[in-house]
Structure formats: structure tokens, C-alpha cells
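Scroll down for the structure; my scribbles are underneath it.
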Amino acid sequence: MSDASWGGVTQPSPGHPEAPPAQWLPRAQLQGLLDALLTRGYRVLAPVVRDAALHFDELKSVAELPVGWRDEQGPGRYRLAHTDASHVFGVVHGPGGIKRHVFAPREPLLQIEMDGPGQGFRAQAVIPAPPRTALLGVRGCDLAGLAMQDRIFLHDRFPDPHYAARRAGLLLIAVGCTRAVATCFCASMGTGPAPSGHYDVALTEVEDGFIAHTGSDAGRDLLAALALARAGAAMLGREREAYASCAGSMQRSLPREALRDLLYENLSHPRFDAVAARCLSCANCTMVCPTCFCHDVRDEPSLDGASSLRVRDWDSCFNPEHAQVHGLNFRPHVRERYRQWLVHKLASWVDQFGASGCVGCGRCISWCPVGIDLTEEVAAIAAAPGARS
């Protein structure tokens, strides 16, 4: 697993020779880790089973974690099943991820109050003041997605103060993936299965506990409170084997290096007509994507006209109104909207931000109602690249 640089921070992957020594966290001490976070005043959000899917929710006890649960995913399919296994993090991921905890689906931006008829108005920025938050159970693909959100909202010309307020003080405890579901392809995108990038602590779950790596002063301070033993060479060998096995089990992939040119050279490929005949333009894929950042800003005046609230809501390039300008919609058909999404995500995103907009999580495949698979679409274009733009 190579190093990664995201959000201005470069960290080795777990097991890299330059990484700090790994420690051993017995499963019985996982509650101690949670207690240490709560004692430090963190609100802890972790994956829990709710409404037949996995969601990040507030955690008070490790008993609320999805012990023994497994997920089955495929094109247009997501199912959870309880097993006799003792693994705490056996479910790879759910639809939500962690994006919503920094880039809120609905964000008040500005409060406007009228002083009275003919007397002007007052405008006050609405900046959130979230509690200190620790995210426990963050996967490598979501770390990569968060790094891209940082690139967009923090490290461009105009940093977003609302995103910055939610991002500041966020403590990240990653969990590496030792199993993959059928829709995963993070190995081909260089974002997993081992977590790398900006984490404070990274855990690898093995049979009877966790191999713990630290990536920040906050992470080292947190583990120091638990007085853990150093992980031995045999444990680290098991960790490397688990990640290699997980990567080798992935059934899907994307040709990351060739994608940009392939898509630019095939903008008129007939495959876009074929996929448009199936696509519902429902925007599910963009809602579950860890990197999509399209949004709309609108004003909500009060009924009495005395005040107004300016809000930012998630939007999608699949919504017809997204391409509506005065007197014209420049993407009136599903074909153009799907092509915009695929080409931006995998090609022009590289020109715009210096990296692919896809982290290989496969959520867009699982949560598409008709099971459209972007890896299948890319393969079809690559197999018959005769219709070039």
C-alpha cells in the first residue's frame, strides 16, 4: 500500500516502515477506547444498524456496534444479515458514509431580519458551532472522500467557513477493511483496503482484537491513556495478509490511469444512449457518493416578510433543474446528465482537482435502483472505442 497525501497531510499507511509502532488493542478494551473519547468531551459517532442499513449515529456503548452483522451488496442490492461471527466491524459500509457530518445536507448560511418598512435590514452569517466529534469506524474510501471534500471546501481560493467549522477538531478513527463486498473496487483506485491519509487512529480488526496505528498527536495521546502493548511481528504479518486477501477478493476495478483519456475520446459513444434508457435520473448515486459536492443556495422568506433565511441544500447534476439557466436547459436529456456525471467524476475531476473523483466505495452501484454499474459502463466503452467524439 502506497503513501497518500490528502488535505495537506501526508501519512504512511498502517504497516509502512515509517509509521509509528503499532499497538495491540484487545477486543475487551474497545469500551475503554470509547470511554477515553467520552471523557475527553467528544461526541462519538459510529456505525450502527438502523432501518436495515448501516448509519453513523451517536454511540455510548460498544454494545451498540454491529457485532456479528455482515452486508451483502450488488448492483441495486443491499442486505444485512446477522451471523454468529464476533467481528465488530464486519459490515463494510452503508449508504450514508461520513460526508454529511462535514458537508451538511441542509446548511443555514445567512439570517436576514427586516428593521421595518423603509428602515433597511440586518444580515447575520449563521456559522455552526458543532460539539467536538470523533468518528469511529471510518473506512479508507471515506477517508479519501473526506480528503477530496477538504480539497474542495478548505484548500481552494475561497475556504468555506461552514465546512471549516464542522471539520475543525474532528477526530478520525479509521478501520481497515479485511473483507470486501461485491461492489468494492477501492484497491484499483488506491484508496484501500488499508486506511491511509489523514486519520488520528487506524484499527485493523483480527480474530481477538485490533492492531492500532496512530497518525497524529491526538491519536497518540488517546492510545497512551489505554497503556497498550506493542503489536508483535506475527500480528503485523496477519494484518498484511488480511489486507492483501481483501484486495485480491475484489471483483470490480477501474483502469485508473487510462480513464481520463478514454472518456474524453468517447464523448459520443453509443453506450451513453444505452445507459440513459435505464437511468431514472433519481440522483441516488450522487447522494451516497463520498465526493459529490453539488449544492443549491436559495432564500426562504418568512410568511410575514419580516425575515429570510438563506440555505444551502445538496443538489445533483442528475436533477433537470441543475442545468437550467435563463431560457435554456443545457442538459435536457438523461444521456447528457449521466455523461456529465461519469466524465466529471472520472476525467475532468482530475483536471479540476488533481485526482479522480471516485474512491472505489461502490455505493453508487449498490444504491442505484436499476443496478447501473459505472465499472461495467467504462468497460463497455473501453471494449468498443470506435465511436469517438
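The values are calculated or read from the model by the stated rules, or taken from the named source; none is laboratory data. Given the structure is predicted, the values throughout are model-derived calculations rather than measurements. When we count neighbours, we look across all protein chains shown, and the Cβ atoms used for this are built from the backbone with ideal geometry, even at glycine.
Odds and ends about this structure:
- Hits in the stretch 325-367 - residues which are hydrophobic (A, V, I, L, M, F, W, C), buried (at least 18 other Cβ atoms within 10 Å of the Cβ) and part of a loop (DSSP other than H, G, I, E, B): Ala355, Cys358, Val359, Cys361, Trp367
- Scan of the stretch 127-149 for residues that are more than 19 Å from Val88 (Cα to Cα) and in a loop (DSSP other than H, G, I, E, B), ordered by number: Ile127, Pro128, Ala129, Pro130, Pro131, Arg132
- Test: residue in the stretch 108-129 that is of a type in the set (Phe, Trp, Tyr) and assigned by TED's automatic domain parsing to the domain that holds Asp35: no
- Near pairs, Cβ below 6 angstrom, 6+ apart or cross-chain, from the stretch 273-299 (under 22 Å from Val311 (Cβ atoms)) to any residue that is β-branched (Val, Ile, Thr): Cys292/Thr286; Phe293/Ile152
- Test set (1) closer than 21 Å to Gly145 by Cβ; (2) in contact (Cβ under 8 Å) with a residue 60 or more places away in the chain; (3) buried (at least 19 other Cβ atoms within 10 Å of the Cβ) - Cys317 fails condition number: (2)
- If you check Ala174, Ala134, Ala234, Ala164 for being closer than 25 Å to Glu58 by Cβ and surrounded by fewer than 17 Cβ atoms within 10 Å (Cβ to Cβ), only one passes: Ala164.
- Strands (runs of 3 or more DSSP E) fully within the stretch 150-249 counting 3 or more residues that are over 18 Å from Thr133 (Cβ atoms): 201-206, 209-214
- Residue-level analysis places Gln124 among those that are in a strand (DSSP E or B), over 14 Å from the mean Cα position of the chain (by Cα) and free of Cβ contacts under 8 Å to residues at least 24 places away in the same chain.
- Ile112 touching a Phe, Trp or Tyr at 6+ places or on another chain (Cβ under 8 Å), in a strand (DSSP E or B) and within 22 Å of Asp296 (Cα to Cα): yes
- Total residues in the stretch 304-318, condition modelled with pLDDT under 95 and farther than 19 Å from Leu109 by Cα: 1
Each row is one residue, and each column tells you yes or no for (1) surrounded by fewer than 23 Cβ atoms within 10 Å (Cβ to Cβ); (2) among the charged types (D, E, K, R).
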residue	(1), (2)
Arg100	yes, yes
Pro108	yes, no
Gln111	yes, no
Met114	yes, no
Gly145	no, no
